[in-house]
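Data block below; observations after.
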Amino acid sequence: MRERDIILVSKTIQPEMNRSDYGKTKKGVGRREFLFKALASGGLASGYLKSPAGLLLATNPFSQAPQTNTSSQNNKELVTPNIDFFVRNHFATPQISEEAWRLEIHGLVSNPLKLSYSGFLLMPSVRRLSTLECAGNVSGGGGVGTAVWSGLPLRELLQQAGLKPGPTTIVFHGADSGEGENVPPGTHFARAIPLEKAMDPATLLAYEMNGEPLPAEHGFPLRALVPGWYGMDSVKWLTSIEVLEQSFKGYFQDEKYVSLGAHGASGPITRTQVNSKFLRPSEGEEIRVKRYRAEGVAWAGERKIARVEVRVGGGAWQPASLSASPEAMIWTPWSYEWQVPSSGRYALEVRATDDGGQSQPEVRDPDRKDPYELNTPHRINVSVL
Ligand code: MTE
């Protein structure tokens, strides 16, 4: 495990925050969703920069960042403040009292566990920066964010529970249930991941997000965090974890979050695909300068970003610069110095390629009938005045 991902954290309980729904603009923030974060070289700083309101309100938070040279630039990351992090809920947010809440770990284990919230807080924790993207996020959409998550590696608890021989599947059960979206009555949110992913040291049971207790809409008191895989597996409001020998059958496992080919269901949605987006300029922006620094982020799930390219007006793809050394499971900021041509309207596009050689596709696979893994290049139109 890499040193920079893991440190012990102190646990301070702070009030929960009020949140809005995924898809709505929270407080009309747009680009102020991003907060510049500096990581101290050699390890994650014990505190991260919670920016003062002035910085968050700036139209271009990137321009507020200290302009430093390459060595320290390699340690820069962008963190999405909790208030700006997208929310994707299938049901209403359950209200959970931390005193009454318990997490059960059961199934194919020799020592079933029942843990309280305070019990969790007393265990040594780890802290990890991870990007989370919703499987239904559209190209350039707001359904992606990066936070510092604190909690326990799931594998430690599974080891404590003593896995019996034979398990293949770990099921996360959430407290939320309801109707709508053709959900069968009585269905609660549950998702399963293979044992191998559950035993990955990066897979966490997280109770803090950016140094605060998980906000209610992000899963208080405890959620799974499955870095590198689309967000549906990072189950919120966890009530139990079930260890199974066989695969898990469930509405959100078999009916939702599966890819649909021309001839029906073709497979589960799992790993986050390579993707990228502009943070600036924004759609419709008017540009009045001769040199414009376009900026954004790119991510590739369990892989690293290898390159990012920008294309203007359907011309040739041009390389963008990566502003931090790429890491798996964390988005990489990029920038592109645009020599702005004469006045007119221009289409700007960005695409990324991962270290396995996978690039964002030019067009969506026409056989795909499901709304997931939408990772064609982010395209925006701007006016040069
Ligand atoms: N967990 C529960 N219990 N219920 C949900 O509806 N939504 C999932 C996942 N975990 C969901 C859940 C989906 S689809 C996504 S993309 C992520 O939560 C979003 O996490 P966030 O709302 O904290 O951004």
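The values are calculated or read from the model by the stated rules, or taken from the named source; none is laboratory data. Since we're looking at a predicted model, the values are computed, not measured. With ideal geometry, Cβ positions are generated from the backbone for all residues, glycine too; neighbour counts draw on all protein chains shown. Surface accessibility is based on the protein's heavy atoms, side chains included, excluding ligands, DNA and RNA. Shrake-Rupley method; radii C 1.70, N 1.55, O 1.52, S 1.80 Å.
Here are some notes:
- Separation of alpha-carbon centers, region 179-232 and region 94-128, rounded to whole Å: 14 Å
- Surface composition of region 275-384: carbon and sulfur make up 47 percent of the accessible area, probe 1.4 Å.
- Sorting the Cα pairs of region 238-347 by distance into bins of 10 Å, from 0 upward, gives 12, 29, 23, 20, 11, 4, 0 percent per bin.
- In this structure, Ile287 and Ser266 have a Cβ-Cβ separation that, at R0 = 51 Å, corresponds to a calculated FRET efficiency of about 0.75.
- Order by protection proxy (mean Cβ within 10 Å, highest first), peptides 279-291, 131-143: 131-143, 279-291
- Quarter the surface of the alpha carbon convex hull of region 182-299 and you get the mean projected area, 12.2 square nanometres.
- Above-threshold pairs, the threshold being 26 Å between Cα atoms, out of Lys197/Lys236; Lys197/Lys249; Lys114/Lys256; Lys249/Lys277; Lys236/Lys256; Lys114/Lys236: Lys114/Lys256; Lys249/Lys277
- Directionally averaged shadow of region 112-223, computed from the convex hull of its alpha-carbon atoms, nm²: 8.8 nm²
- Stretching Gln95 away from Met199 to a fully extended chain increases their span by 34.5 nm, per 0.36 nm per residue minus the current alpha-carbon distance.
- Rough spin-label spacing in nm, given labels placed 7 Å along Cα→Cβ, for His106 and Asp355: 4.2 nm
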